[in-house]
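Scroll down for the structure; my scribbles are underneath it.
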Amino acid sequence: QVQLVESGGGLVQPGGSLRLSCAASVSLYSITNMGWYRQFPGNERELVAYITGDGFTNYADSVKGRFAISRQNAKKLVFLQMSTLRPEDTAVYYCNVYPPRREYWGQGTQVTVSA
């Protein structure tokens with residue numbers, strides 16, 4: 001069973017930056033694709049970005065050029081560097097494999113962008 005724990009969220013002003021971390025309970029060498037997702041109140045989770053085992057990345061149009069996903073397989077970590085944050089980025093952020101598996105969802109980490 002894979003457990004994923006997100007951290008790094010918080011309150012930030014518009015234009016600010018945050019780095020989210022996802023700690024996995026298993027080696028990331030055994031997981032090809034990892035993704036970050038977010039959920040707005042009353043909405044379903046949406047894909048923010050994913051990264052393959054080869055380091056290929058893909059981003060939602062709304063975050064292209066502002067967010068960067070990365071992974072450290074040996075340390076079992078996946079990161080989401082978020083820059084130039086906007087109020088509309090306010091959401092709960094989750095990591096999961098890509099495509100996501102229902103049983104791997106964790107608690108997420110809240111990101112709030114507000115002045």
Name, by its number, the condition in (1) more than 22 Å from Asn73 (Cα to Cα); (2) surrounded by fewer than 12 Cβ atoms within 10 Å (Cβ to Cβ) that does not hold for Gly10. (2)
Filter the stretch 45-56 down to residues that are within 25 Å of Gly15 (Cα to Cα) and open to solvent by less than 50 Å² (accessible area, probe 1.4 Å), then give me how many there are. 4
Which ones in the stretch 85-115 are open to solvent by 80 Å² or more (accessible area, probe 1.4 Å) and assigned to a loop (DSSP other than H, G, I, E, B)? Arg86, Pro99, Arg101, Gln107, Ala115
Sole miss for Ala74 among (1) in a strand (DSSP E or B); (2) of a type in the set (A, V, I, L, M, F, W, C); (3) exposed (fewer than 12 other Cβ atoms within 10 Å of the Cβ) is condition (1)
Has the stretch 57-64 got any residue that is touching a residue at least 12 places away in the same chain (Cβ under 8 Å), in contact with a helix residue (DSSP H, G or I) (Cβ under 7 Å, 6 or more places away or on another chain) and open to solvent by less than 30 Å² (accessible area, probe 1.4 Å)? no
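The values are calculated or read from the model by the stated rules, or taken from the named source; none is laboratory data. None of these values were measured; they are calculated from a predicted model. We place every Cβ from the backbone using ideal geometry, glycine too, and count neighbours over all the protein chains shown. In case anyone asks, the SASA skips ligands and DNA or RNA and just uses the protein heavy atoms, side chains included. Shrake-Rupley method; radii C 1.70, N 1.55, O 1.52, S 1.80 Å.
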